[in-house]
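Student: Below you will find the structure I want to go over with you.
The values are calculated or read from the model by the stated rules, or taken from the named source; none is laboratory data. Remember, predicted model here, so these are calculated numbers, not experimental data. A quick note on method: Cβ atoms are made from the backbone with ideal geometry, for glycine too, and the neighbour counts reach across all protein chains shown. These area figures cover heavy atoms from the full protein model, side chains too; ligands, DNA and RNA do not enter into them. Shrake-Rupley method; radii C 1.70, N 1.55, O 1.52, S 1.80 Å.
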Amino acid sequence: MPLSRRLLAGLAALALILAPLPSQALSIMDPFNIPTAMDGGTVKAGDSIAYADGERHRLDVYAPEARGTAAPVVFFIYGGGWSRGDRGDYQFVGRALAARGFVVVIADYRLVPEVRYPGFLEDSANALRWVQDNIANYGGDPNRLFLAGHSAGAYNAVMLALDPSFLRDYGVTLPIRGVAALSGPYDFYPFEYGEVQEAFGQAPNPQGTQPINLVTADTPPMYLATGTTDPIVRMQNTEHFAERLKASGVWVTTRYYEGFGHMEPVIAMGALWRWRMPVLDDMVAFFQMFGAFPSGVPYIAVAPEPPEGGTGMDSVVSELNAMFQPIE
């Protein structure tokens, strides 16, 4: 059965299965994570692994089903305004990258109001220590590590690459080959909006929380992508950060996806919406530029065709975008 028909059939099945369940049992991200809406040829190699004490200190590992030599590693950090999010909602991202040959780690981290800056960054650094110590057991090469993230997760990923103190505090010595950041905020001081004030308002040095102020010549290469109509983090945030990176001699690849908003770039990494924009191909091509696959990319990308009649997901994506407050 063609992919588009399998996706539509899977969505219909999801509606039948979930309809009797109480609303609190559902996640708005569920349609992107049903089996027929995700990439095949992958396995969940690690499920709810503790990287520290506490319920929010757990991670999942995704890997190609067929594993031979050690694979490059992507540590993906999801967004949610630093106040919400769950690793299970981004299974489709883990499987998308695993289908392209990566071992992928997605870790939960503590959220506002339980913590504020820099607590969520410290958790991600702690999870990276787990990667350093353990990822070889899951088929990953710790010396080919890439960071990736979306929205607040893009901020977290970029900050881990810019401020060495976070990794140093947890004894992380892994080299970061590159960072792929989607729809990220990099220059949002002063803190004008509620979620941002909650997360950063108590920082003793607010200027030091801003990625744009921390760029040095040692910053790893970066891939920055955004929708041009993003109302949550305007694309000027990406433009200004890219200019600062270039001025410091840092390699930066930028992608501006015309007419798309805040959630679309990360959702388009999954099989259900990949026909909307080439974000996965663009990200993998960036990783390949910086040593992901020294012998060549093992999996050839196939450009998806739009499903017949669409997927019916536009309303879900609009609802997702409406959940967020502006960050800058």
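Student: Being within 16 Å of the chain's Cα centre (by Cα) and part of a loop (DSSP other than H, G, I, E, B) is the filter here; which residues of segment 278-314 pass it?
Tutor: Answer for segment 278-314, where residues must be within 16 Å of the chain's Cα centre (by Cα) and part of a loop (DSSP other than H, G, I, E, B): just 278.
Student: Can you tell me which residue is surrounded by the fewest Cβ atoms within 10 Å (Cβ to Cβ) among those in segment 252-277 that are within 17 Å of the chain's Cα centre (by Cα) and basic (Lys, Arg)?
Tutor: 255
Student: Considering only segment 169-196, state which residues are closer than 16 Å to residue 220 by Cα and open to solvent by 10 Å² or more (accessible area, probe 1.4 Å).
Tutor: Hits for segment 169-196 are 172, 173, 174, 175, 176, 177.
Student: Looking only at segment 217-233, decide whether some residue is crowded, with 16+ Cβ neighbours inside 10 Å, closer than 22 Å to residue 287 by Cα, hydrophobic (A, V, I, L, M, F, W, C) and without any contact (Cβ under 8 Å) to a residue 60 or more places away in the chain.
Tutor: Within segment 217-233 (the criterion being crowded, with 16+ Cβ neighbours inside 10 Å, closer than 22 Å to residue 287 by Cα, hydrophobic (A, V, I, L, M, F, W, C) and without any contact (Cβ under 8 Å) to a residue 60 or more places away in the chain), the answer is yes, since at least one residue qualifies.
Student: Further question: Search segment 57-89 for residues being touching a strand residue (DSSP E or B) at 6+ places or on another chain (Cβ under 9 Å) and charged (D, E, K, R), and hand back the single one that is farthest from residue 138 (Cα to Cα).
Tutor: This residue is 87.
Student: While we're here: Considering segment 124-164 alone, what residues qualify as being in a strand (DSSP E or B), buried (at least 22 other Cβ atoms within 10 Å of the Cβ) and without any contact (Cβ under 8 Å) to a residue 40 or more places away in the chain?
Tutor: none
Student: Is it true that some residue in segment 234-251 is crowded, with 20+ Cβ neighbours inside 10 Å, in contact with a strand residue (DSSP E or B) (Cβ under 7 Å, 6 or more places away or on another chain) and within 30 Å of residue 40 (Cα to Cα)?
Tutor: no
Student: Kindly indicate whether residue 47 is of a type in the set (Asp, Glu), in contact (Cβ under 8 Å) with a residue 40 or more places away in the chain and on the phi < 0 side of the Ramachandran plot.
Tutor: When the stated conditions are applied, residue 47 does not pass them.
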